[in-house]
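For reference, the structure is listed below as structure tokens.
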Amino acid sequence: MTGALRALARFLLPNACVVCEGAVERRHPDALVCRPCLARLRRVPRGCHRCQQPLPPVGPCRYCASWPDELASVRSAVWLGAEARELIHHLKYEGYTALGAVLAGVVVRTVPRPDQAFLVPVPLGSRRARERGYNQAEVLAAALAVRWRLPLVTHTLRRVRDTRSQTALTPEQRGANVAAAFAAASPPPQARKPHGPPVILVDDVLTTGATLAAAAAALADAGWLRVGAVTFARALPYALRAGRGWGVRDDRRESSIGVGISD
Ligand SMILES: [Zn+2]
Ligand SMILES: [Zn+2]
């Protein structure tokens, strides 16, 4: 194909959306995700003041009950529906690191910016980091640091042992699997003051919180006083997952965020 033909083909066949493989809008030829797919992402509503999970009809939140006290605030942008799952898959396994900026764009539209904080990506084990060549949480955290104008700190937290993939484990097994998996460096002087900047852990997905809890415990052991976390997506609670129509692509009953990708 000649250069002119290739240019014509690019004009006639715009980029495919990584989620639905449909064409992205002509006005945004380099976009990785089409607007309808972004609009189908469903915002996690406000819930428990600490973990944001929807509260049960009666009684206190059970989702964060077993987390260590140090993990004071956890926020997620969207539910792990079909589109969010696809975005993370491409970021994680298909090498689409440019999606980090797309995911960060969704986070800044849904999660309030902390006044001051150190953004710390949840590290991968060394084996998985070697296999993948990059850490998807770090890609997201770096893009978020740009959008929020907050410092990215990548050497404060590390995995001290490789853990099994969490995917097939029960909540109890997840906790045991990641316990003592992390070690942290001591904080800079300003973070040792009671109202100093917190460390905000950044990860792609929140499932049970076992990983964040283990990372927060390691940071607290190292002397960090305040730990929070932000994730792009959050696993759907069982009640929502089992609900009629949940996960169906054209189900618009839940609030969508309708985020644009041009800015
Ligand atoms: Zn799409
Ligand atoms: Zn809670």
Going 7 Å from the Cα of Ala239 toward and past its Cβ, which residues in the range 41-57 have a backbone nitrogen under 17 Å from where you end up?
44-57
Other-chain or far-sequence residues with amide H under 5 Å of Ala229's (modelled H):
Ser73, Val74, Arg75, Leu201
Could you please state, rounded to a whole Å, how far the C-alpha centre of the range 51-118 is from the C-alpha centre of the range 125-141?
18 Å
Quick note on Val178, Val146, ordering by fewest other C-beta atoms within 10 Å, gives Val146, Val178
From the Cα gyration tensor of the range 44-241, with a ≥ b ≥ c the square roots of its eigenvalues, which class applies: rounded if a/c is under 1.5, or else prolate if a/b is larger than b/c, or else oblate?
rounded
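Provide the FRET efficiency to the nearest 0.05 for the Leu55-Ser165 pair, computing r from the beta carbons and using R0 = 35 Å. Could the numbers behind the result be given before it?
Values: r = 30 Å, r/R0 = 0.87.
E(calc), rounded to 0.05, equals 0.70.
If packing is taken as the mean number of other Cβ atoms within 10 Å per residue, what is the order of 102-111, 212-221, highest first?
Top of the packing list down: 212-221, 102-111.
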Just subtract the alpha-carbon distance of Ser186 and Arg130 from 0.36 nm times their residue separation and send over the number in nm, one decimal.
17.6 nm
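Over the range 81-220, what is the mean sequence separation of C-alpha contacts under 8 Å (at least six apart), divided by residue count, expressed as relative contact order in percent? Numbers along the way, then the final one.
Details: 185 pairs, mean separation 38.9, N = 140.
Relative contact order, the range 81-220: 28 percent.
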Determine the gain in length on full extension of the stretch Arg147-Arg113; use 0.36 nm per residue of separation and subtract their C-alpha separation, reporting nm with one decimal.
11.3 nm
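We did not get these values from a lab; they are worked out from the coordinates using the rules stated. This structure is a prediction, so every number in the text was calculated from the model and none was measured. No Cβ is skipped: glycine too gets one built from the backbone with ideal geometry, and neighbour counts run over all protein chains shown.
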